Amino acid sequence: MATPKDIEDVKKSASVFVIFGATGDLSRRKIFPSFFELSKNNLLPEKFKIIACARSDFKTSEFVNSLKDSIGPKDQKVWEDFVRKIEYVTADVEKNIDLSKVSSAISQFEDAAQVCPQQIFYMAISPFIVKEAIKNLGKNKLNLGCSRHPKHARIVIEKPFGFDLKSALDLDSELHKLFHENHIYRIDHFLGKETVQNIFAFRFGNELFEPIWNNQYIDNVQITAAERIGIEKRGEYYDKTGALRDFIQNHLLQLLAITTMEMPEKFDHNHIRDKKLEIIRSIKRLTTDEIVSSTVRGQYEDYQKEEKVDPKSQTETYSMVKLEIENKRWQGVPFYLRTGKHLEGKVTSIIFSFKEKGHKFLENFWEKPLPNHITLQIQPNEGIGIRLVAKKPGITTALEPVDMEFCYKTSFDTPQPDAYERLLMDIMIGDQTLFLGDVTESWKLIDPIEQVWQSGKPPLHIYKHGSWGPQAADEFIQKEGRKWLAPLLSICKI
Ligand code: BG6
């Protein structure tokens, strides 16, 4: 995670980014706008080039024009300065067509700038072709980096990293034939979000919480990632993936790991990765019976009519799983993870719900003790909320829940950078802290669930657009003697 010195060093350095899949959705919506912001804020290296690469036949000028709409308001000078850094190359990395043009574009930049830049290959391509594409980088010696001095190239891969344990291992083995682990950047963009990083500060910078961060005080934890949008134009990818693989295997397990892990000895990628891995390893593997009884899967109505989706598809667009961490700190605390598309609103939050202890001397003032809650609101209305109990003003004594909130909007006037801006910067710095390491443990957890779901159990529930998902999920949590707390405890709604 960047220090001011790291940024100064990057600005003095030289880098060339090759973006495969430059015309795709991710490139347009996230990668190029983030590079634009970095360029506008003068945070890119002095000597810098983006080689945008895709199959379509474009001239560089046509390609940069096509980016105009996805990049917000821009000053003409800033825009010109940015587009000057881009060159478009037509090539097919999956079929190994014309990759020599990429090599020549890199060499030309090296010669013109008289430098040996850090070469970075960003695979913003369909996960179904990544393995083939990596092999082709190798065939064209693109993994070797700059030819003037040995400086290995870095590779950036987007989630999902594989589709199950086997394919993740295959992909890893292909990558390791060409790249050292230190040069592999597996992106889970949630780790680049400001609020996710603030979890480290919240947990380890405030002595206050550590003594109560355990099964003696915490009754249950709910991690919710609800989206209002559907699958948009991603039918081909999504129908083969589903909500469990798209969201729970990566984003939500990472959130769970960060909020529950032990304190790392040092703030660096090895220590943080180890601590996260310890947690994922200690999550209880579910048996078939537990999968049937403690998970819910749903599909939004009319999903089967979406473009490039099988009309008989059984892919879930909603999933809920109940997990338990088998270690001393968390034994016995249920963790409910849920995510879904086309739900009533967008909210990502982690809610720690405390035990309803209550003191005897207050027993006349409440029907049952009002539990405390801590809400880590990842998005939107980013912040942290603590639900407390207070006496309602008045002559009689009545107790009511009240919220104490820290909201980014009111506490800081600095805008939050997009997750991708930070991650791109970290790749240039060479800092892997916010990137995934070993993903096999999370597949070991997810694969059995996926297999039972493939057999049709538990049933797939159809839910309405704009609802909070299948009723079965509400019934499930009620049977557990609890209720869903998001969005009830959503905070910072100023
Ligand atoms: C992606 C998923 O990783 O995250 C998408 O593939 C999802 O399905 C997206 O819509 C959500 O990201 P964010 O940053 O908008 O919450």
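The values are calculated or read from the model by the stated rules, or taken from the named source; none is laboratory data. Computed from a predicted model, the values in this text were never measured in an experiment. Note that we place each Cβ from the backbone using ideal geometry, even for glycine, and neighbour counts take in every protein chain shown. Keep in mind that these areas ignore ligands, DNA and RNA; they rest on the heavy atoms of the full protein, side chains included. Shrake-Rupley method; radii C 1.70, N 1.55, O 1.52, S 1.80 Å.
Among the residues of the stretch 314-329, the ones that are closer than 15 Å to SER442 by Cβ and either of a type in the set (A, V, I, L, M) or in a loop (DSSP other than H, G, I, E, B) (or both) come to 3 in all. I'd like the residue in the stretch 314-339 that is within 18 Å of ILE449 (Cα to Cα) and of a type in the set (S, T, N, Q) and, out of all such residues, is farthest from the ligand (Cβ to nearest atom). So, considering only residues that are within 18 Å of ILE449 (Cα to Cα) and of a type in the set (S, T, N, Q), the one farthest from the ligand (Cβ to nearest atom) is GLN314.
Please verify whether ASP111 is of a type in the set (D, E, K, R), within 26 Å of LYS444 (Cα to Cα), surrounded by fewer than 21 Cβ atoms within 10 Å (Cβ to Cβ) and away from the ligand (no atom under 16 Å from the Cβ), treating the condition exactly as stated.
It is false that ASP111 is of a type in the set (D, E, K, R), within 26 Å of LYS444 (Cα to Cα), surrounded by fewer than 21 Cβ atoms within 10 Å (Cβ to Cβ) and away from the ligand (no atom under 16 Å from the Cβ).
Please enumerate the residues belonging to the stretch 326-361 that are hydrophobic (A, V, I, L, M, F, W, C), under 21 Å from ASN372 (Cβ atoms) and within 21 Å of the chain's Cα centre (by Cα). Once the filter is applied, which keeps residues that are hydrophobic (A, V, I, L, M, F, W, C), under 21 Å from ASN372 (Cβ atoms) and within 21 Å of the chain's Cα centre (by Cα), the stretch 326-361 yields PHE335, VAL347, ILE350, ILE351, PHE352.
Restricting attention to the stretch 463-490 and to residues that are within 26 Å of the chain's Cα centre (by Cα) and of a type in the set (A, V, I, L, M, F, W, C), the residue that is most open to solvent (accessible area, probe 1.4 Å) turns out to be LEU488.
Only a single criterion out of (1) open to solvent by 10 Å² or more (accessible area, probe 1.4 Å); (2) in a strand (DSSP E or B); (3) within 12 Å of the ligand (Cβ to nearest atom) is not satisfied by ALA225, namely (1). In summary, ASP164 fulfils each of the numbered conditions (1) closer than 30 Å to GLU307 by Cβ; (2) within 16 Å of the ligand (Cβ to nearest atom); (3) open to solvent by 50 Å² or more (accessible area, probe 1.4 Å); (4) not small (Gly, Ala, Ser) with the single exception of condition (2).
The residue list SER293, SER282 contains one member that is open to solvent by 60 Å² or more (accessible area, probe 1.4 Å) and away from the ligand (no atom under 16 Å from the Cβ), which is SER293. Just one residue in the set ASP239, ASP246, ASP219 is of a type outside the set (Gly, Ala, Ser), surrounded by 18 or more Cβ atoms within 10 Å (Cβ to Cβ) and away from the ligand (no atom under 16 Å from the Cβ); that residue is ASP219. Within the stretch 444-471, residues that are in a helix (DSSP H, G or I) and hydrophobic (A, V, I, L, M, F, W, C) have Cβ atoms under 6 Å from residues that are exposed (fewer than 15 other Cβ atoms within 10 Å of the Cβ) and at pLDDT 95 or above in these pairs: VAL452/THR288, counting only partners at least 6 apart in sequence or on another chain. When each of ASN198, ASN206 is tested for being more than 24 Å from ARG482 (Cβ to Cβ), touching a strand residue (DSSP E or B) at 6+ places or on another chain (Cβ under 9 Å), open to solvent by 10 Å² or more (accessible area, probe 1.4 Å) and not hydrophobic (A, V, I, L, M, F, W, C), the lone residue that passes is ASN198. Restricting the stretch 299-322 to residues that are in contact with a Lys or Arg (Cβ under 7 Å, 6 or more places away or on another chain) and buried (at least 20 other Cβ atoms within 10 Å of the Cβ) leaves a set whose member that is nearest to ILE212 (Cα to Cα) is MET320. Look at the stretch 249-268 and say how many of its residues are surrounded by fewer than 19 Cβ atoms within 10 Å (Cβ to Cβ) and either within 16 Å of the ligand (Cβ to nearest atom) or of a type in the set (Lys, Arg) (or both). Residues that pass the stated criteria total 1. Residues in the stretch 164-211 that are over 27 Å from LEU142 (Cα atoms), among the aromatic types (Phe, Trp, Tyr) and not in a helix (DSSP H, G or I): PHE209 only. A residue that is away from the ligand (no atom under 16 Å from the Cβ), out of contact with any Leu (no Cβ under 6 Å at 6 or more places or on another chain) and within 30 Å of GLU316 (Cβ to Cβ) can be found somewhere in the stretch 340-353.
Criterion first (at pLDDT below 95, more than 20 Å from ARG422 (Cα to Cα) and open to solvent by 30 Å² or more (accessible area, probe 1.4 Å)) does LYS68 satisfy it?
Yes.
The residues of the stretch 382-393 that are surrounded by fewer than 18 Cβ atoms within 10 Å (Cβ to Cβ) and either over 30 Å from PHE200 (Cα atoms) or within 16 Å of the ligand (Cβ to nearest atom) (or both), listed by number, are LYS391, LYS392, PRO393. Within the stretch 239-253, residues that are touching a residue at least 24 places away in the same chain (Cβ under 8 Å) sit with their Cβ atoms under 7 Å from residues that are within 8 Å of the ligand (Cβ to nearest atom) and part of a helix (DSSP H, G or I), at 6+ positions apart or across chains, in these pairs: ASP246/TYR238; HIS251/PHE190. A count restricted to the stretch 347-380 and to residues that are in a loop (DSSP other than H, G, I, E, B) and either at pLDDT 95 or above or more than 30 Å from LYS233 (Cβ to Cβ) (or both) stands at 15. Only one of the listed residues (THR396, THR375) is farther than 30 Å from ALA419 by Cβ, of a type in the set (S, T, N, Q) and either open to solvent by 80 Å² or more (accessible area, probe 1.4 Å) or touching a Gly at 6+ places or on another chain (Cβ under 6 Å) (or both). That residue is THR396.
For the stretch 405-423, the criterion of a residue being surrounded by fewer than 16 Cβ atoms within 10 Å (Cβ to Cβ), of a type in the set (Asp, Glu) and over 19 Å from ILE258 (Cβ atoms) is satisfied by at least one position. Of all the listed residues (LYS275, LYS193), the sole one being among the basic types (Lys, Arg), more than 16 Å from the ligand (Cβ to nearest atom) and in contact (Cβ under 8 Å) with a residue 12 or more places away in the chain is LYS275. On the given criteria, is ASN182 open to solvent by less than 20 Å² (accessible area, probe 1.4 Å) and on the phi < 0 side of the Ramachandran plot? Against the criterion (open to solvent by less than 20 Å² (accessible area, probe 1.4 Å) and on the phi < 0 side of the Ramachandran plot), ASN182 does not qualify.
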